[in-house]
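Asker: Just passing along the structure, written as structure tokens.
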Amino acid sequence: MSVRSEPRNHSESGPIPVKIVVAGGFGVGKTTFVAAISDISPLTTEAAMTSYGEGVDNRGEVGTKTTTTVAMDFGRVAVDDTIVLYLFGTPGQERFGFMWNDLVRGALGAVVLVDSRRIEDSFPALDYFESRGVPFVVAINRFGGQTAHTLDEVREALSVGDHVPVVSTDARGRAAVRDTVLSLLDVVLLRAVARSGPRLPD
Amino acid sequence: MTLDPDATVPLVRPFIARERPLAPVTSDHSHGTDNGVRAYAITGGRSHASGHLEFETMLRATGTGSDAVQALKFERAEIVRRCEAGALSVAELSAALRIPIGVVRVVAADLLGEGLLEAFQASEHVADDVLLITRLIAGVRAL
């Protein structure tokens, strides 16, 4: 028995849910970002995440493993009569030892929200998506005002590759959030075309 | 696979000195537990990839499910009832019923196996589906 909806070309066969992940440091505006575009008020769900004693939270006890329950906020957008886009904010605990694989599996890509005054808060998310080969865009939340740094300054500070878009956004604004999602989807599309089409010489 | 070679080059960011990548340890669900409530044993008898319910997997009650709902108990009844009006995702069911997502997955997978629910999920290869992504972009642009 297959859970996957195939064939997916027939709209009468049911909805097609797709997912993107919204990541970033604490207080950077992830839930606000989701709320700006969601058809519903963001919902909160709990998931058990296994956390390994690893990384910056490590108190020297390598290999310890604990299960914690984390809350995550998400929203839903009916994109057309078939496609439903889910946006999942990463859990509030800014620990990257826990199992993100569960959340990210099947995601088209990620938006990494950055507060230009605290860019280092986004490093764990950038490291995670890079190491997993998940397409992402960096979106600097200007919180309705000016950002403290230019996009180029932020790009340099984050050390992201040229293939990663660095954009400015306003997590409170529907149009700004939509455009940020579109910049991610452009990356996703380019990648899909590159992988499905014939290989072209560089 | 023609991934951008840049994507595989590990970049070292300032302020973070680390001995190994921060990426979580990949864990197979066969030895994962959810709050110690029940093990994730939902893929029994099915292939791993096709039997797994994602957070965004949408569920809808079947006719059989609606007929059987009176006889169901607890979360099983709640889940089928919520899915009668229209398809809801695993995450939405978790939020609405205040049940951890892992428990919803387990119970829903059982209901699916019994034919009381049907599930909708994008293809595993959705990231390569140019047509679907193009439709998604057109839809988001029109928001």
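Asker: Show me the trypsin sites (Lys or Arg not before Pro) within the stretch B:65-143 that DSSP assigns to loop and that have at most 12 other Cβ atoms within 10 Å of their Cβ.
Answerer: The qualifying sites are B:LYS73, B:ARG98.
Asker: I want the local charge near A:VAL177. Using Cβ-Cβ distances under 12 Å, sum +1 for each Lys or Arg and -1 for each Asp or Glu among the other residues.
Answerer: +2
Asker: Give me the number: length gained by fully extending B:ASP128 to B:ARG98, i.e. 0.36 nm times residue separation minus the C-alpha to C-alpha distance, one decimal in nm.
Answerer: That works out to 7.4 nm of additional length.
Asker: If you average the sequence gap of Cα pairs under 8 Å that are 6 or more apart and divide by the length of the stretch A:99-173, what percent do you get for the contact order?
Answerer: That works out to 33 percent.
Read-outs throughout are calculated quantities, based only on the coordinates presented, and are distinct from any laboratory measurement. This is a predicted model, so every value here is computed, not measured. Here Cβ is always computed from backbone atoms with ideal geometry, including for glycine, and neighbour counts include all displayed protein chains.
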